[in-house]
Amino acid sequence: MTAHRIIFDTDSAVFNDDAAALAMLAGRPDVVDILGVTVVAGNYPVPQGAEHMLHLLELIGADDIPLYLGAESPLVNSPAHAARQEARWGPVSFKGAFDATDRVVPPQGGRFAAARPRTTGAVPFIIDTIDRYPHEVTLVAVGPMTNLARAFQRRPDLAALVKGLVFMGGNARVPGNVTPAAEFNFWFDPEAAHAVLAMPIPDVVMFGLDITNHAPLRKSLFDRIVATDTPLTRLMRHDMAPRFEADAAATYHVWDCITAAWLIDPSVVTASERLPIAVETSFGATYGGSSVATAPRPGTRTLEVMLDLDLEKFFRIYEELLATPPTDPAA
Ligand code: RIB
Ligand code: CA
């Protein structure tokens, strides 16, 4: 089998979930060829997010994968816009980069990774890569879609030249996770999600909250994974142990990791439907929300919407890829 060529477009994380997803994909170079990591504002501002991802790549010995800095802010949404939304329609439970300072803190261990971001920006990298490998590149978007929207704004013809788009974002038939209506990645940049989903990309697969809600990570599995002591599991412990220490019944959503597992083994998904998904871009209580469109609307695209998964298989892949023991240098 030839490896899928992918661009991993991410809003980053210390470990869960963007970094864990990247570690999973990088652990299967036989299936996935990561042409580059592009960072977008979302969970973190881009400079901080880039440091998280460079640190991860160094830890797993994959720092030959190039990393590119992308859009620092969404197309329309902004901290001021979010404040207006909250004042009028109630809280947004997580605002990611909108609540962050400009200070970039070093990753775990107190030292920045040796590899630095490439000087080319994420958008030119995305454009050049699709031009270089027409019909071969899968865009894997696990953050707000601002980088992709900007690439397609510059070159609308590229949409027909990508192999496909697989993304984590949105909610078809379940409530949102940052407002009653909206999932975080779509809420942070609804206009980008709307614009990208309106493009004639041949194959679009959505991993929204409908599927990701089904896979809570519990302490028992976390404990088993971190019992294998590696640089990666030390990072996992550093990021995720405090919540489990405070509450043994706590759970984590591992959103982006489900997208990664499917790229590695598509049989992990057990239910999906082709559905017309609409993204709400009007400024109101449901800003950034998504839903199954009941009537045809311009820009509403029918997507493959993933709905359920084989939990045992998913967590087996997750564990295998994150708890790989270090290779014995003497072997
Ligand atoms: O709503 C979940 C998504 O928002 C995940 O991609 C998470 O990493 C954040 O970006
Ligand atoms: Ca993410």
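Condition check: within 16 Å of ligand 2 (Cβ to nearest atom) and of a type in the set (A, V, I, L, M, F, W, C). Does Ala141 satisfy that?
Yes, satisfied.
Give the residues of region 114-158 that are closer than 22 Å to Leu54 by Cβ, assigned to a loop (DSSP other than H, G, I, E, B) and open to solvent by 10 Å² or more (accessible area, probe 1.4 Å), sorted by residue number.
Ala114, Ala115, Arg116, Pro117, Arg118, Thr119, Thr120, Gly121
Please work out if Val205 is away from ligand 1 (no atom under 13 Å from the Cβ), β-branched (Val, Ile, Thr) and in contact with a strand residue (DSSP E or B) (Cβ under 8 Å, 6 or more places away or on another chain).
yes
Filter region 268-314 down to residues that are surrounded by 19 or more Cβ atoms within 10 Å (Cβ to Cβ) and of a type in the set (Lys, Arg), then give me how many there are.
Going through region 268-314 one residue at a time, the tally reaches 1.
For region 185-225, give me the residue count where each residue is open to solvent by 10 Å² or more (accessible area, probe 1.4 Å), in a helix (DSSP H, G or I), more than 17 Å from Asn16 (Cα to Cα) and aliphatic (A, V, I, L, M).
Matching residues across region 185-225 total 1.
With respect to the numbered conditions (1) assigned to a helix (DSSP H, G or I); (2) more than 13 Å from the chain's Cα centre (by Cα), which one is the sole condition not fulfilled by Gly176?
(1)
Among all residue pairs at least 6 apart or on different chains, which show Cβ distances below 7 Å where the first residue, located in region 133-155, is over 14 Å from Met199 (Cβ atoms) and of a type in the set (S, T, N, Q) and the second is open to solvent by less than 10 Å² (accessible area, probe 1.4 Å) and away from ligand 2 (no atom under 16 Å from the Cβ)?
Within 7 Å, the pairs are Thr138/Gly164.
Kindly list, by first and then second residue, each pair from a residue in region 3-23 that is at positive phi to a residue that is within 11 Å of ligand 1 (Cβ to nearest atom) and of a type in the set (Gly, Ala, Ser), limited to pairs with Cβ atoms under 8 Å and residues at least 6 apart or on different chains.
Short answer, once both residue conditions are applied: Ser12/Ala19; Ser12/Gly42; Ser12/Gly49; Ser12/Gly143.
Hey, among Val31, Val92, which residue is surrounded by fewer than 18 Cβ atoms within 10 Å (Cβ to Cβ) and either aromatic (Phe, Trp, Tyr) or away from ligand 2 (no atom under 16 Å from the Cβ) (or both)?
After applying the criteria, what remains is Val31.
List the strands (runs of 3 or more DSSP E) inside region 1-112, counting only whole elements, that have at least 2 residues being under 30 Å from Gly284 (Cα atoms).
4-10
The values are calculated or read from the model by the stated rules, or taken from the named source; none is laboratory data. On a predicted model such as this, the values are computed, not experimentally measured, just so you know. Positions of Cβ are generated from backbone atoms using ideal geometry, with glycine treated the same way; all protein chains shown enter the neighbour counts. In case anyone asks, the SASA skips ligands and DNA or RNA and just uses the protein heavy atoms, side chains included. Shrake-Rupley method; radii C 1.70, N 1.55, O 1.52, S 1.80 Å.
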